[in-house]
1. Can you name the residue in region 76-91 that is out of contact with any helix residue (DSSP H, G or I) (no Cβ under 8 Å at 6 or more places or on another chain), at pLDDT below 95 and on the phi < 0 side of the Ramachandran plot and is also most open to solvent (accessible area, probe 1.4 Å) among such residues?
2. Quick test of your reading of the structure: Phe28 fulfils all but one of (1) open to solvent by 10 Å² or more (accessible area, probe 1.4 Å); (2) modelled with pLDDT under 90. Name the failing condition by number.
3. Quickly run through region 49-64 and pick out the residues that are surrounded by 16 or more Cβ atoms within 10 Å (Cβ to Cβ), at pLDDT below 95 and small (Gly, Ala, Ser).
4. Sort out which residues of region 66-102 are farther than 23 Å from Pro45 by Cβ, out of contact with any Asp or Glu (no Cβ under 9 Å at 6 or more places or on another chain), part of a helix (DSSP H, G or I) and touching a residue at least 24 places away in the same chain (Cβ under 8 Å), and write them in order of number.
5. Residues that are closer than 26 Å to Glu16 by Cβ, open to solvent by 50 Å² or more (accessible area, probe 1.4 Å), assigned to a loop (DSSP other than H, G, I, E, B) and modelled with pLDDT under 95: does region 120-140 have at least one?
6. Considering only residues of region 7-25 that are of a type in the set (Ser, Thr, Tyr) and modelled with pLDDT of 90 or more, which is nearest to the chain's Cα centre (by Cα)?
Amino acid sequence: MPVEITWWGHATCTVEDSGVRVLTDPLFARRLAHLRRRRGALPPPGAWRTDLALVSHLHADHLHVPSLARLTPGTRLLVPRGALRAVPGLRRLGRPGRLRITEVTPGDRVEVGEVVVRVVSARHDGRRLPVGADLHRADLHH
């Protein structure tokens, strides 16, 4: 079975391989702060059903709590180590009967069926303009 990738916009995509659906950085909104969906419809409710969802880092356009709340209860969610401490809304989503949240750090391997997710460092600065200080570290481990 070939790998199938559906890009939903920005950093959100569904990767299907070996019968496993993986969703990256779910953002199911038309607009978030300065970001606007210019083309295409929002991902349909079928995109909310996934075996595993990944959050690459803690910027609001990658860890969008209202979008994560739409995921099917019981969905496994991988987030950077420290995310549960840093994002109160995420802790509420991890209550029993909601999402199964696992904090990960670079070097971790997570297996879901025949798919292996290898966790690597995600770094990008916090600047949103051509100039300015690097105020954010994308990964939370020190």
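The values are calculated or read from the model by the stated rules, or taken from the named source; none is laboratory data. Predicted model, so just to flag it, every value in this text is computed and none were measured. Reconstructed Cβ throughout: ideal geometry from the backbone, glycine too, with neighbour counts over all protein chains shown. Surface areas here come from the heavy atoms of the whole protein model, side chains and all, with no ligands, DNA or RNA. Shrake-Rupley method; radii C 1.70, N 1.55, O 1.52, S 1.80 Å.
1. Within region 76-91, the first condition is being out of contact with any helix residue (DSSP H, G or I) (no Cβ under 8 Å at 6 or more places or on another chain), and the residues that meet it are 76, 78, 80-82, 85-86, 88.
Filter once more, so that each one left must be at pLDDT below 95: 80-82, 85-86, 88.
Still in the running and on the phi < 0 side of the Ramachandran plot: 80-81, 85-86, 88.
On the way: Pro80: 16, Arg81: 111, Arg85: 179, Ala86: 56, Pro88: 68 Å².
For region 76-91, the residue satisfying everything is Arg85.
2. (1)
3. Ser56
4. Within region 66-102, just Ala86 meets the criteria.
5. The answer is yes, given that some residue of region 120-140 is closer than 26 Å to Glu16 by Cβ, open to solvent by 50 Å² or more (accessible area, probe 1.4 Å), assigned to a loop (DSSP other than H, G, I, E, B) and modelled with pLDDT under 95.
6. First, the residues of region 7-25 that are of a type in the set (Ser, Thr, Tyr): 12, 14, 18, 24.
After this cut, where a residue has to be modelled with pLDDT of 90 or more as well, the list is 14, 18, 24.
Working: Thr14: 11, Ser18: 20, Thr24: 5 Å.
Here the answer is Thr24.
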